[in-house]
Amino acid sequence: MKAKNKLRILNPLLLALLCAVVVMTVGYFLYTLRDSAVYFENESKSIAQRYSLQTVDAIERESGGIFDEAQRIAADVANVSGFEQMDVFGNEKVQQYGMDCLQFLKAGEAEYRYGERVGSITAVEVQSLIQGGVFGVSEIYTDFALGVPCVAAYCPVTGNSEVDGVLAFYQVQNVFVGGSVLNELTQYYCFAEQDGTILESWKADGFKEDVSHNIYTYLYNISESKPETDPIINATKERISGAYTLRVDSEDYIVSCIPLSRFGGDSFVVQIYRVHDLLQSEHTLYDKMFGSAVFLAIVAVLVLIAFVAVKFSSSKQLAIMDEYDPLLGCNSYNKFIRDAEELLSINRFAHYAITYFDINKFSYLKDQLGPDAYEATLRYVSTVVKKMAGDNETYGHVMDDIFVMLLHYSDIQELSDRIKLLGALVGAYELLRSRNYNLTLAVGVYLVERERTFHIQDMIDRAAIAQKANRTINDRHFIIYDASIRSSYIREAEVEAKMEYALKNNEFKLFFQPKYSIGQDRLEGAEALVRWYDEATKSYVAPDSFIQVFEVNGFIAKVDRFMFLEVCRFMSEATSRGEHLVPISVNVSRVTATQPDFLAYYVKTKDEFKIADGFLKLEFTESFAYENYETLEKIVTSLKSNGFLCSIDDFGSGYSSFKILKELPMDELKLDRFFLRSGVEPGKDEILLQTVITLGKSCGMVVTQEGVETLEDLKRLERYGCDVIQGFYYSKPLPMSDFLDFMNEDTSLSGITSLYEAARKQKL
Ligand code: C2E
Ligand code: CA
Ligand code: CA
């Protein structure tokens with residue numbers, strides 16, 4: 001049960017987890033989308049800057065390459081001399097490095113010249129480079145001859161009498177523009193001077209034409225919102241690298257401007273990218289959004305897996321629990337049913353018995369023992385059962401203290417011996433023996449027919465019916481189910497079906513059995529006994545057939561209260577008519593006496609009917625006194641202080657204990673009919689009867705013998721000093737009107753309670 005509950009809790013837990021994950025993921029989604037416009041802008045700017053820097057790096061690297069080439073040529077040319085050699089060398093180098101023009105200088109003049117017609121040695125930028133006399137790369141300048149931007153690298157030559165310097169010229173567009181330096185997303189690229197003059201530019205197909213040759217003008221022209229370009233111009237003039245948004249033809253672009261450190265230091269690179277391309281290229285935000293979606297999906301899948309796993313394991317667990325009793329560590333009832341079915345069908349011709357049992361009065365022991373000892377006892381019983389079940393046999397725990405076994409047997413004697421052994425082993429439980437509890441079993445047996453006509457459940461039901469019968473009979477090791485058991489079971493079922501109606505329909509009647517005081521020779525009192533007049537059959541139902549059933553099912557408590565109420569009513573009415581009364585005894589069953597409001601109800605009712613003290617006597621059975629000694633002691637003390645008399649009923653029928661006689665402050669001791677039966681040694685019977693009467697009297701009680709049928713018995717009892725007799729000899733139980741007559745015929749009714757006072761005074 002507990003495990004099932006746990007499982008039930010797990011599902012809400014998983015649900016809560018799932019909700020938490022969804023909430024977190026949605027939150028994360030919103031977070032990523034928060035200020036997305038700003039985010040888009042910043043993100044695309046930073047991507048643009050990164051791409052532009054890559055371009056600039058490439059340019060710087062290329063220019064470094066130019067410089068390296070010039071240096072290498074300068075070193076090599078040191079060893080070359082003569083016009084022809086120089087020619088071969090020069091052409092070879094132009095081929096090798098791919099510059100546009102290579103010149104070897106002597107005293108500032110070009111002595112040798114290879115390659116294209118570019119190479120304006122007179123250009124200011126080139127002149128200042130040569131005059132510097134050290135390695136270097138010129139600023140970008142416009143070549144006179146071709147009118148295109150060029151750059152030159154210079155390196156002095158040492159150790160050659162014919163030349164003293166190398167100049168390598170490159171067209172900017174051949175070196176810096178093209179696949180090597182431009183990112184493929186670039187829509188526009190230019191190399192410009194600080195005043196905006198474009199030295200070299202490139203644009204993607206479809207992007208705006210450049211007609212102005214000035215980058216500032218160009219940006220201004222293409223921009224949809226003109227003031228946008230101001231910050232670009234300002235920053236560029238200040239040589240601050242930056243990225244700016246620009247709207248062209250209803251589309252967002254990023255303009256990235258980065259100053260170049262080479263080439264004299266005032267030129268800069270401008271690149272334009274489409275925002276959409278930038279974001280797509282890096283998948284940044286999309287990545288995150290997509291990532292969130294993937295994350296959500298993964299989490300959902302994980303949760304689903306966890307859910308399925310838990311479900312699976314819980315159903316597995318349920319399957320295990322279904323077969324296994326976790327509390328007792330043994331087979332469950334379901335497992336028993338499955339195993340028993342299988343065993344019965346495999347071993348078709350073997351004799352099998354379904355043995356169904358529980359522990360007598362175990363619910364009562366449960367209260368007395370406390371939960372720990374209760375559980376320990378059940379575990380002990382389950383171990384015994386487990387060990388008893390041999391090959392081709394099985395067992396299961398039904399519920400509470402009920403177990404069932406499928407036992408194999410060859411003859412009834414063998415089965416009987418095994419059941420006795422089972423009872424003996426359970427009874428031997430040390431924990432309870434040490435506490436003076438004697439565990440006994442109520443066992444019902446169903447002998448499985450060879451034809452296996454019944455379903456297993458029907459067989460178990462039959463064993464249970466026999467077990468129930470044993471519980472009420474209670475002096476046999478086990479009861480085997482047969483037709484008589486079945487009919488008594490059916491009768492019991494009928495009784496149970498009718499009882500509530502019977503109570504409402506006033507079918508329960510109050511009878512009185514008069515009691516005779518031997519010493520005073522008169523009516524001493526009476527015992528109220530219930531009778532059931534069944535209106536349907538117009539006949540009395542035998543008390544034996546319903547009292548026991550009511551005691552087992554607890555209905556006796558209602559009957560007892562009804563009887564007590566009727567007795568009070570009877571007494572109050574008789575008193576008001578001015579009749580002489582005798583004390584009336586009312587039976588109190590174990591179930592009634594242990595009800596929480598037992599005392600309150602009885603005292604209240606007695607008060608309500610204003611019944612005088614000493615006229616109501618309550619009978620508690622010996623077996624109840626034995627098992628609930630402490631409870632009863634409290635009850636009796638309290639009852640007596642409220643004017644009740646108390647009696648021990650059926651003394652001698654069970655575990656008669658000296659303690660009950662000695663310690664419980666009872667007014668009356670009622671001896672069971674057992675004492676009147678003659679055994680094998682009549683002499684001993686007499687001694688026993690005499691002793692118990694003397695004992696009762698010496699403990700301050702009035703001693704009453706029940707079931708006195710003969711004058712002979714009355715005489716014996718008189719001899720031994722018995723005070724009161726009750727039995728057919730004096731009177732049968734009488735209906736109320738007859739009892740009233742009986743009472744009125746006795747003219748000596750006065751000073752009734754003195755019998756009890758006298759008994760108390762005689763107490764040793
Ligand atoms: P009990 O309390 O021992 O009642 C005495 C029983 O002995 C009565 O049986 C009575 O009819 C019977 N009896 C009386 N004199 C003789 C006799 O000379 N010979 C024989 N053989 N029997 C005699 P009854 O009325 O059948 O009641 C049986 C039991 O049912 C009672 O035994 C009592 O334990 C229980 N009972 C009866 N009425 C009530 C009730 O209202 N409440 C409770 N809790 N139990 C009741
Ligand atoms: Ca009684
Ligand atoms: Ca009795």
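Here are the numbers for the structure shown:
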| item | result |
| --- | --- |
| Theoretical ellipticity at 222 nm over the chain - DSSP helices of four or more residues, -39500 (n - 2.57) apiece, nearest 500 | -16500 deg cm²/dmol |
| Loop-resident sites, segment 568-628, for trypsin sites (Lys or Arg not before Pro), counting at most 16 other Cβ within 10 Å (DSSP) | Arg577, Lys610 |
| Exposure proxy ranking, count of Cβ atoms within 10 Å, fewest first, for Trp202, Trp532 | Trp202, Trp532 |
| Local electrostatic count at Gly165 - Lys and Arg +1, Asp and Glu -1, tallied over other residues with Cβ under 11 Å | -2 |
| Qualifying GluC sites (Glu not before Pro) for segment 121-221 [loop in DSSP, other Cβ within 10 Å: at most 16] | Glu162, Glu184, Glu209 |
| Packing-based exposure ordering (other Cβ within 10 Å, fewest first) of Thr631, Thr236, Thr453 | Thr453, Thr631, Thr236 |
| Assigned charges on the beta-carbon of Lys, Arg, Asp, Glu; the chain dipole about Cα centre (debye) | 4160 debye |
| Neighbour-count order for Ser410, Ser748, Ser647, fewest beta carbons within 10 angstrom listed first | Ser410, Ser748, Ser647 |
| Cα gyration tensor shape of segment 694-734, rounded if a/c is under 1.5, else prolate or oblate by comparing a/b with b/c | oblate |
| Cα gyration tensor category, rounded, prolate or oblate, for segment 291-368 with a/c compared to 1.5 | oblate |
| Eligible lysines near Lys538 by straight Cα distance, threshold 22 Å, same-chain separation 8 or greater | Lys498, Lys504, Lys509, Lys732 |
| Trypsin sites (Lys or Arg not before Pro) within segment 436-523, DSSP loop, no more than 11 other Cβ atoms inside 10 Å | Arg450, Arg476 |
| Anisotropy class of segment 663-764 from Cα gyration tensor, a/c 1.5 cut | oblate |
| Label-point separation in nm, Phe144 to Thr537, each point 7 Å along Cα→Cβ | 14.5 nm |
| Rough spin-label spacing in nm, given labels placed 7 Å along Cα→Cβ, for Asp266 and Lys558 | 11.6 nm |
| Farthest toward positive dipole pole in segment 308-422 [+1 Lys/Arg, -1 Asp/Glu at C-beta], among Leu415, Gly390, Phe357 | Gly390 |
| Percentage relative contact order, segment 368-483, counting C-alpha pairs under 8 Å, at least six apart | 20 percent |
| Pairwise label distance in nanometres, Ala483 with Tyr655, each label 7 Å out on the Cα-Cβ vector | 4.0 nm |
| Gain in span if fully extended, Asn505 to Gln96, counting 0.36 nm per residue against the direct Cα distance | 134.5 nm |
| Hits among lysines - C-alpha to C-alpha of Lys208 under 25 Å, sequence gap 8 or more where chains match | Lys45, Lys226, Lys237 |
| Eligible lysines near Lys697 by straight Cα distance, threshold 16 Å, same-chain separation 8 or greater | Lys659, Lys662, Lys670, Lys761, Lys763 |
| Gain in span if fully extended, Ala493 to Arg760, counting 0.36 nm per residue against the direct Cα distance | 91.5 nm |
| Fully extended contour minus Cα-Cα distance, from Asp57 to Val680, at 0.36 nm per residue | 211.6 nm |
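Where a number appears in this text, it was derived from the coordinates with a stated rule and is not lab data. Keep in mind the model is a prediction, meaning the values are calculated, not measured. Using ideal geometry, Cβ is built from the backbone for each residue, glycine included, and neighbour counts are taken over all protein chains shown.
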